[in-house]
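S.K.: I'd like to ask you about the structure that follows.
Nothing in this text is a laboratory measurement; each read-out follows from the coordinates by a stated rule. A quick note: this is a predicted structure, and the numbers were derived from the prediction, not measured. All Cβ positions, glycine included, derive from the backbone under ideal geometry; neighbour counts span all protein chains shown.
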Amino acid sequence: MPTDTSEKGLETLIVESLIHEADYLPGSNEDFDRDHAVDLAHLLAFLKATQPKVVESLGIETDGPSRQQFLHRLQGEIAKRGVIDVLRKGIKHGAASLNLFYGTPTPGNARAVELFQANRFSFTRQLHYSKDETQLALDLGVFINGLPVATFELKNKLTKQTVADAVTQYIRDRDPKELLFQFGRCVVHFAVDDHKVQMCTHLTGGASSPSSSTRPIPARAAGPLLR
């Protein structure tokens, strides 16, 4: 069977490693709420599995004004505090407090183990991120419990494109005003080829400043890194 040397082939290798070595779940563009930059299916699945009474009391299981108010609140908290703080400390919405992530459990705490295992690490390929330009897509988005934490632009040197082309793509083609790319919305943005990785935590167009690694970073490292 011939080796797929295309950009899509590299994307497939990374995705397979995320699934088989780091237990990531697939997501879909149909579930990505572009107005709030969240994977709605994974977010609601996490909340219903871990905090069903809160979900019921807030009335967010079905679409409607209550869900939209909650998503607006969540978006505002991420914009104000950043996604890391929201994942660590959760949010308050009305009289309710919601956890958005459960950390490593203490030994012997069965309930904490159960909650930790309910965290949903997921990815979406060819993520259509813009609510204005529906054809705009990036190669890979990574989420924790439906909240985006990392984006990837992938290149393959065998097709005459390198990590420098991915960096240029972020600078020229990824508008930092788009909700997904606003500061604090994602932890990091990766430009990747089959030999090198560069990363940036704050996209500012032409002023974006990536740092780099000259060593290949296996996709399985993403699991422990994000956990």
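S.K.: In nm, to one decimal, how far is the modelled label at Thr12 from the one at Ala79, with both set 7 Å along Cα→Cβ?
M.R.: Here the modelled spin labels are 4.1 nm apart.
S.K.: With Rg and the Kirkwood Rh both taken from Cα atoms, where does Rg over Rh land for region 7-226?
M.R.: 0.97
S.K.: Normalise the Cα radius of gyration of region 33-73 by 2.2 N^0.38 Å (N = residues in it) and let me know the number.
M.R.: For region 33-73, the normalised Cα radius of gyration is 1.07.
S.K.: May I ask which residue of Leu115, Gln68, Asn145 lies farthest towards the positive end of the charge dipole of the chain, with charges of +1 (Lys, Arg) and -1 (Asp, Glu) on Cβ and the Cα centre as origin?
M.R.: So the residue we want is Leu115.
S.K.: Past the 28 Å Cα-Cα mark, which pairs from Lys48/Lys155; Lys53/Lys89; Lys8/Lys89?
M.R.: In this structure, Lys48/Lys155; Lys8/Lys89 lie more than 28 Å apart at Cα.
S.K.: Magnitude of the Cβ-charge dipole of region 7-226, K/R +1 and D/E -1, about the Cα centre, nearest 20 debye?
M.R.: Result for region 7-226 is approximately 680 debye, rounded to the nearest 20.
S.K.: Separate question: Can you figure out the FRET efficiency of Gln69 with Ser28, using R₀ = 25 Å and their beta-carbon distance, to the nearest 0.05? Display every interim value, and only then the final one.
M.R.: Working: r = 25 Å, r/R0 = 0.99.
Efficiency computed from Cβ-Cβ geometry: 0.50.
S.K.: Further, regarding this structure: On a 0 to 90° scale, report how tilted helix 40-50 is relative to the longest principal axis of the chain, with both axes built from alpha carbons and the result rounded to the nearest 10.
M.R.: 40 degrees
S.K.: Still on this structure, please answer the following. Relative to the longest principal axis of the C-alpha atoms of the chain, give the angle of the C-alpha long axis of helix 7-22, reported between 0 and 90° and rounded to the nearest 10°.
M.R.: The angle comes out near 40 degrees.
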